[in-house]
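In what follows, a structure is listed as structure tokens, so that the remarks can point back to it.
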Amino acid sequence: MPRSGKHTLKAIADRKFGNLVMIRNHWGYYVRETRETAYPPSWRRRIMRRGEPMGVRIEGGGFSTYDAARLAGKFALADFLEKLELENFRIE
């Protein structure tokens, strides 16, 4: 059967991020990018949780483009989720 040439989301993420982002599917957490209006304009990223607030802010700023903020946010979210999972294992 010939291949259709379409890649799955996991295959694209594996090739692009080296399996870093595909840790676990935590639907409650996401990254939000916002643009600051101060001069010079820059982008910020913030990790957030759906439903109830996290109680802390995990954010970074000073990115020159939206794509840079988004990529940094994906890496930060993957790192946060990995540490959260390790913390959950330690408690159990």
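Data overview
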{"read-out": "Residues satisfying the stated conditions in the range 55-92, i.e. hydrophobic (A, V, I, L, M, F, W, C), surrounded by fewer than 13 Cβ atoms within 10 Å (Cβ to Cβ) and under 30 Å from P41 (Cα atoms)", "value": "V56"}
{"read-out": "Tally, over the range 35-46, of residues that are within 12 Å of A69 (Cβ to Cβ) and either in contact with a His (Cβ under 6 Å, 6 or more places away or on another chain) or hydrophobic (A, V, I, L, M, F, W, C) (or both)", "value": "1"}
{"read-out": "Selection count, the range 41-85, where residues are within 14 Å of G28 (Cα to Cα), of a type in the set (D, E) and in contact (Cβ under 8 Å) with a residue 24 or more places away in the chain", "value": "1"}
{"read-out": "G18 at pLDDT 80 or above and not aliphatic (A, V, I, L, M)", "value": "no"}
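The values are calculated or read from the model by the stated rules, or taken from the named source; none is laboratory data. None of these values were measured; they are calculated from a predicted model. When we count neighbours, we look across all protein chains shown, and the Cβ atoms used for this are built from the backbone with ideal geometry, even at glycine.
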